[in-house]
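Take a look at the structure set out below.
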Amino acid sequence: MSSFSLTNDSLLGILNIIKFLFSITILLVGILLSENAALTDCDRFFYKPLIWFGVFLLLVSLTGFIGACFYGHLPRMLWVYQVLMFLLIVAGIIFTIFAFAVTNKGGGRLLPGAGYKVYRLGDYSNWLQNRLNNNRNWNKIKTCLVESKVCSDLYSKYWDVSFNKFHQKPLNPIQTGCCKPPNECGFTYVNPARWVEENWQVYSENPDCKAWDNDQNILCYNCESCKAGVLDNTKHSWKKVQWFYVICQMLLIIMYAVGCFAFRNILIDES
C-alpha cells in the first residue's frame, strides 16, 4: 500500500511541477501582451488580471508541490492546496464569463464612402463606460494618448492629402474618435490636424463638436467619440486574451480532476 501512496504523491508532485511551468508561461504571455499593447501604457493595465492569475497559480502550485513532497510532515498543506486550487478555478471561470459579457456589446458603424468606422460610447457595456467616465481613469488614459503621439503620427502620415483621400484612409478606433472631430459637426477640413469650426452651432446637440480643439494637447481627447474609440480598442485587446483564459481554465480543470483523484487515493491509503 505504501508504494501506491508514493505513486499518488509523485503524481501530485508532477502535476504541480506542470502547473508551475504553466503559471510561468501565463506570466510570460501576460507580460509580453502588456509590453506590446497597442497604446503601450494606455491599455497595459487591461492585461494585469492575466499576470495576477499567473502569479496566484504559481503560488498555489508551489503549495501543492510542498504538500505532495512532505505530506507526512505537512498533511494539511494538500488540503490548503485543494481549496486554493478550487477557488482559483471558480474565480477564473467567473472572470472569463464577466469578460465575455462586458466586451460583447459595442462596435463601429460603417460610413458610406469612408475607410473607417465611427464609434458611439453608448453602444458599449455600462461597466466599461463607468470605468472610462471616472475622471481619474480617463485623465490617465488621456495623458497617455497625448504622450503616445497617436494623433501626431497620423498627421505626419497624411499631412498633405485631400479631404476625400483622408476620408478613405483606414483609421483605427483611437484615430477616428480622438484625432478628428465627428463628421456630423460639419467642420471644414484644412489638413488632418486643422478643422475650421464654421457650422458647429448648428450641431450643438452633439457635445463633441464643442469639445473639439485644434490644440494638439486637446483635439478630441475630451470627446465621447474618443472614449468610444478607446473602448473599442480595449474590447479587441480583451479578445486577445479571452480565449487564452478559456484554454487555461480547461487545462486547470483537467489537472485539478486528476489531482483530486490522486489525493482521494492518498486519503484512502491513509485510512
statement: residue 125 vs (1) open to solvent by 20 Å² or more (accessible area, probe 1.4 Å); (2) of a type in the set (S, T, N, Q); (3) without any contact (Cβ under 8 Å) to a residue 40 or more places away in the chain: all pass except (1)
- prompt: So which residues in region 163-179 are over 25 Å from the mean Cα position of the chain (by Cα) and either open to solvent by less than 40 Å² (accessible area, probe 1.4 Å) or in contact (Cβ under 8 Å) with a residue 12 or more places away in the chain (or both)?
  reply: 163, 166, 167, 168, 169
task: Scan region 195-216 and report the pairs whose first residue is within 18 Å of residue 146 (Cα to Cα) and among the aliphatic types (A, V, I, L, M) and whose second residue is open to solvent by less than 50 Å² (accessible area, probe 1.4 Å) and modelled with pLDDT under 90, with Cβ atoms within less than 9 Å and a gap of 6+ or a chain change.
output: none
statement: Among the residues of region 128-156, the number that are of a type in the set (Lys, Arg) and surrounded by 13 or more Cβ atoms within 10 Å (Cβ to Cβ) is 3
statement: Note on residue 159: of the conditions (1) over 30 Å from residue 49 (Cβ atoms); (2) touching a strand residue (DSSP E or B) at 6+ places or on another chain (Cβ under 7 Å); (3) open to solvent by less than 20 Å² (accessible area, probe 1.4 Å), unmet is (3)
query: Only one of (1) within 22 Å of residue 214 (Cα to Cα); (2) open to solvent by 20 Å² or more (accessible area, probe 1.4 Å); (3) out of contact with any helix residue (DSSP H, G or I) (no Cβ under 8 Å at 6 or more places or on another chain) is not met by residue 120, so which one is it?
result: (3)
query: Which one is surrounded by the most Cβ atoms within 10 Å (Cβ to Cβ), of the residues in region 18-76 that are at pLDDT below 80 and of a type in the set (D, E, K, R)?
result: 43
- prompt: Taking the condition open to solvent by 70 Å² or more (accessible area, probe 1.4 Å), within 30 Å of residue 136 (Cβ to Cβ) and either modelled with pLDDT of 80 or more or part of a helix (DSSP H, G or I) (or both), does residue 233 pass?
  reply: no
message: Being under 18 Å from the mean Cα position of the chain (by Cα), closer than 30 Å to residue 224 by Cβ and part of a loop (DSSP other than H, G, I, E, B): is that true of residue 130 here?
response: no
message: Can you report the number of residues in region 77-104 which are surrounded by 15 or more Cβ atoms within 10 Å (Cβ to Cβ) and not in a helix (DSSP H, G or I)?
response: 1
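The values are calculated or read from the model by the stated rules, or taken from the named source; none is laboratory data. All values reported here derive from a predicted model rather than from experimental measurement. All Cβ positions, even for glycine, are placed from backbone atoms using ideal geometry, and neighbour counts span all protein chains on display. Note: accessible area is taken over every heavy atom of the protein model, side chains too, but ligands, DNA and RNA are not part of it. Shrake-Rupley method; radii C 1.70, N 1.55, O 1.52, S 1.80 Å.
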